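One structure is given here, and the rest of the page talks about it.
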Amino acid sequence: IGHDITARHRNELALIESESRFREIFNSVSDGIFIYDAQSGRILDVNQSTCEMFGLSYEQALKCGPFGLGFDVEPYSNADGMQKIQLARTQGVQSFDWLSRSSDGRAFWTSVSLKFALIGSQESILAVVRDVSRRKEAEFKLQLAASVFKHAREGITITDGEGTIVDVNDAFTRVTGYSRDEAIGQNSRMLNSGRQDAAFYKDMWNSLILQGHWSGEIWNRRKNGEIYAQLLTISAMCDAHGKAEQYVGLFSDISAIKEHQYQLQYLAHFDPLTHLPNRLLLADRLQQAMSQSQRRGQQLAVAYVDLDGFKYINDRHGHDIGDRLLIAVAAAMKNCLREGDTLARIGGDEFVAVLIDLESVDSCLPMLVRL
């Protein structure tokens with residue numbers, strides 16, 4: 001008995017061809033694909049990208065845990081994965097990020113999408129797994145940059161190419177007194193103190209244009225009008241054509257440092273008790289006075305003055321009284337001199353006066369009498 005099986009044979013060939021096309025498409029997808037039994041969670045099939053993503057053979061991949069190898073990567077456990085598969089079966093599509101591990105032990109981030117599907121009579125869960133390590137790394141860098149921007153102790157200002165402020169950090173507000181809302185949209189010129197002239201800012205912009213950065217000390221003004229010293233670095237952020245699109249300014253308040261420097265310079269050049277120039281500054285003033293006298297064809301006089309009996313004052317009345325006497329005598333002698341003259345203290349009770357712009361030796365006698 002013979003039967004015509006042409007139709008059945010044709011259907012079998014079509015089924016084989018369909019399976020071949022499905023397998024080719026299935027394996028050509030760049031994302032990893034898992035097909036699970038919806039009830040047991042057992043892996044029924046995986047594509048070639050899954051094997052490559054996790055460094056496994058097809059047989060090894062079928063024995064994986066959910067969305068990766070069959071061991072946990074803290075804090076993501078296989079039990080959590082099975083729970084998500086069941087949620088996809090009962091609640092529908094589930095999408096989430098998952099920390100997986102490859103066969104060489106490398107942990108990497110994946111994006112997983114689960115969807116319930118009926119394949120024939122088989123209730124299945126399709127899982128599409130994509131390696132998002134680069135995206136996660138980029139997100140981490142952005143979060144890190146944002147954290148640094150927010151918590152940096154230095155003030156940070158970001159402006160557009162025209163100098164309009166587009167963002168500032170908390171330290172900017174703390175140093176300048178301007179809130180973020182008050183600063184954004186304003187030109188950075190709002191901080192100018194007026195101490196720097198136009199040539200200063202011209203040199204700054206030339207440096208930014210030619211070198212892409214500028215660094216130096218600058219005096220700026222707080223919201224309350226107080227002028228303070230700033231150590232500022234500005235960097236240009238350029239596009240592909242080299243045009244500056246934004247500028248980033250990083251600054252710190254160095255007012256305390258400048259004040260300390262001033263105090264050190266003052267102590268180096270002035271007597272701390274009488275506040276008169278000391279021996280070092282006297283030498284500088286005398287050198288300048290000599291040069292000036294030579295240019296003008298005039299004379300100068302140097303008068304050395306000490307106090308007789310000063311030791312007796314200290315011994316009888318104490319050093320505090322002696323210091324008060326020195327302060328009073330210094331102030332009185334300074335009032336005897338003209339504005340351009342110099343009075344210095346060079347020792348315990350020793351003073352030197354430099355008298356300038358003298359037409360003759362006799363011209364200094366009235367001042368000496370007053371001293």
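Just to confirm a number: summing +1 for Lys and Arg and -1 for Asp and Glu over residues other than A244 whose beta-carbon lies under 11 angstrom from that of A244, what do you get?
Residues close to A244 contribute a combined charge of -3.
What residues of region 1-41 lie in the reach of a label at L118, counting those whose backbone N is under 20 Å from a point 7 Å from the Cα along Cα→Cβ?
Label zone hits: 35-41.
So what's the gap between the Cα centers of region 271-294 and region 306-371, to the nearest angstrom?
14 Å
Give, in nm to one decimal, the length gained when the segment between H260 and D308 is fully stretched (0.36 nm per residue of separation minus the Cα-Cα distance).
Gain on extension, H260 to D308, equals 13.6 nm.
Probe of 1.4 angstrom, ligands and nucleic acids ignored: what's the accessible area per residue over the chain, in square angstrom?
Each residue of the chain exposes 62 Å² on average to a 1.4 Å probe.
Work out the FRET efficiency for D203 and E154 from their Cβ-Cβ distance, taking R0 = 35 Å, and round it to the nearest 0.05.
Between D203 and E154 the formula returns 0.95.
Quick one, which of [x] 1.15; [y] 1.40; [z] 1.01 is the actual Rg/Rh (Cα atoms, Kirkwood Rh) calculated for this model?
Recomputing Rg/Rh (Cα atoms, Kirkwood Rh) here picks out [y].
Counting only protein heavy atoms and a 1.4 Å probe, tell me what percentage of the chain's accessible area is made up of carbon and sulfur.
Percent of accessible area from carbon and sulfur atoms in the chain: 53.
Would you kindly state how much longer the chain becomes between I5 and R296 on full extension, computed as 0.36 nm times their sequence separation minus their alpha carbon distance, in nm to one decimal?
Stretched fully, the I5-R296 segment lengthens by 91.8 nm.
Which order do the peptides 259-272, 162-175 come out in when sorted by mean C-beta neighbours inside 10 angstrom, highest first?
Top of the packing list down: 162-175, 259-272.
Report the full-extension gain for the segment R279 to R338: residue separation times 0.36 nm, less the Cα-Cα distance, to one decimal in nm.
Stretched out fully, the R279 to R338 stretch lengthens by 19.2 nm.
Report the net charge of residues surrounding D160, where surrounding means a beta-carbon distance below 13 angstrom and charges are Lys +1, Arg +1, Asp -1, Glu -1.
Here the count lands on -3.
Please report how many Lys pairs in the chain have alpha carbons closer than 28 angstrom, counting only residues at least 8 apart along the chain or sitting on separate chains.
Within the chain, the lysine pair count is 17.
Quick one: if the Förster radius is 41 Å, what FRET efficiency do S133 and A14 give, using the C-beta to C-beta distance and rounding to 0.05?
0.50
Going by average Cβ density within 10 Å per residue, which order do the peptides 198-208, 280-290 take, highest to lowest?
Descending mean neighbour count gives 280-290, 198-208.
Could you compute the FRET efficiency for L358 and H319, with r as their C-beta to C-beta distance and R0 at 51 Å, rounded to 0.05?
0.85
Could you order S95, S147 by accessible surface area, starting with the largest, using a probe radius of 1.4 Å?
Putting S95, S147 in descending order of accessible area: S95, S147.
What distance in nm lies between label points placed 7 Å from Cα along the C-beta direction at E217 and Q83?
Label at E217, label at Q83, 6.1 nm between them.
Once amide H atoms are built 1.01 Å from N in the peptide plane, which residues 5 or more positions from N47, or in another chain, come under 5 Å H to H?
Hits under the 5 Å cutoff: I33.
The values are calculated or read from the model by the stated rules, or taken from the named source; none is laboratory data. Because the structure is a prediction, the values reported are computed rather than measured. FYI the Cβ positions are ideal-geometry reconstructions off the backbone, even for glycines, and counts take in every protein chain you see. What goes into the accessible areas is simple: the full protein's heavy atoms, side chains included, and nothing from ligands, DNA or RNA. Shrake-Rupley method; radii C 1.70, N 1.55, O 1.52, S 1.80 Å.
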